[in-house]
1. Inside the range 52-107, can you point out the residues that are in a helix (DSSP H, G or I), open to solvent by 60 Å² or more (accessible area, probe 1.4 Å), at pLDDT 95 or above and not aliphatic (A, V, I, L, M)?
2. Quick one: Ala160 ticks every box in (1) open to solvent by 50 Å² or more (accessible area, probe 1.4 Å); (2) hydrophobic (A, V, I, L, M, F, W, C); (3) under 23 Å from Lys275 (Cβ atoms) except a single one, so which number is it?
3. Confirm whether Pro262 is touching a Gly at 6+ places or on another chain (Cβ under 9 Å) and without any contact (Cβ under 8 Å) to a residue 40 or more places away in the chain.
4. Scan the range 280-302 residue by residue and report those that are charged (D, E, K, R), over 18 Å from the mean Cα position of the chain (by Cα) and within 18 Å of Pro135 (Cα to Cα).
5. If a residue must be buried (at least 16 other Cβ atoms within 10 Å of the Cβ), in a strand (DSSP E or B) and modelled with pLDDT of 90 or more, how many such residues does the range 190-238 contain?
6. List the strands (runs of 3 or more DSSP E) inside the range 246-312, counting only whole elements, that have at least 1 residues being more than 17 Å from Ser189 (Cβ to Cβ) and in contact with a Pro (Cβ under 9 Å, 6 or more places away or on another chain).
7. For Ser298, all conditions in the list (1) of a type in the set (S, T, N, Q); (2) over 19 Å from Leu59 (Cβ atoms); (3) crowded, with 20+ Cβ neighbours inside 10 Å hold save one; what is the number of the exception?
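The values are calculated or read from the model by the stated rules, or taken from the named source; none is laboratory data. Not measured: the values here are computed from a predicted model. Methodologically, a virtual Cβ is constructed for each residue, glycine included, from the backbone with ideal geometry; neighbour enumeration extends over all protein chains shown. These area figures cover heavy atoms from the full protein model, side chains too; ligands, DNA and RNA do not enter into them. Shrake-Rupley method; radii C 1.70, N 1.55, O 1.52, S 1.80 Å.
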Amino acid sequence: MRTSKLALIMAAAAVALAAAPDAALAQSAPAASSYKAPRNAFGQPDLQGVWTNATITPLERPAEYKDLVLPESEVAKLEGATAQQNADALKPSNPNAKVTDLPVDCGRGFRGTDCGYNSFWTDPGTKITRINGQPRSSIIVDPPNGKLPPMTEAARQRTAQRMGRNNPRAFDGPESRSLGERCIMSFGSSAGPPMLPLLYNNTYQIVQTKDQVAIQVEMVHDVRVIRLNDKHDPDKIRRWMGDSVGRWEGDTLVVETINFRPEQGYRGANGATQKVIERFTRINPNQILYRFTVEDPSTYTRPFTGEVAMNATRGPIYEYACHEGNYGLEGILAGARELERQGRVPTSDPVADLQGEGGN
């Protein structure tokens, strides 16, 4: 469980009473090409506030959609299906259900022993992301097909070796497990960069000074500090979330991030060679356009670019108390040692392991 129950209950109440109206207002905001962002005390465009990028728009464009902009009829269909899914998830659970009744569908793709969270604990969004009034079918806008570009052959081999079903080192110790399991960084790329929506905890707070921009990330309560000096530290200094420096181009904050730790490459990228360019532009009172480009020639055959709306919402950001590293990780490694004692190899399929079908 990643947050305390009390905090989650308070957060759920806050979302129900406060955040939803703000998000709905921002999502439906009309295009405002003539909008001029307010200035802060330093004369900079004011990006400060609490924002959420939660959306049901996927990173990659589904095969059934050919265009970036969705017709309104399709938007109504997708948002209606999400509303129905949420309504179904609110129905009472069967109090007599047992483990032997698995697999049980607990929603959002989770079934059986993967049912660690029901919809009370998740908040992936309820709306298609809209940018200047346009409902989007995917976050990726380039390549034009809305898909990630192909990986290089070396990257495919690297990924296959790391993610292989029977990788004998995947369960050797905590160092071989994911950063999210170890409570070091967020699952997926919430902290980023790029900063992208996930199943929950999609909130950010931006604070500005004359020389820095700080972004508090809800998951895992990290703070990104962007220096406005356009000068990177030496390559030998590698940071979680990389080394971010920024500059103002008109009303847009442009941020370049390099020098990631090798473990933090995005979608299989090599953190040591990855570069991310982000652009933050306040396009109306309740919305920031967040645009990013990921470059890593050692992993992808070409750069790719995405856009997602960061919509105004009410704070505060509640504490994200990660417990995977305290409890879940211990269980993962203990289970692996037990399988080894039995002469079996743990795999990436925990259900098969539990049923005696995995390993050798």
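1. Those that are in a helix (DSSP H, G or I), open to solvent by 60 Å² or more (accessible area, probe 1.4 Å), at pLDDT 95 or above and not aliphatic (A, V, I, L, M): Glu72, Ser73, Lys77.
2. Ala160 satisfies every listed condition except (3).
3. yes
4. Listed by number, the list holds a single entry, Arg282.
5. 12
6. Strands (runs of 3 or more DSSP E) meeting the threshold: 252-258, 275-284, 304-312.
7. (3)
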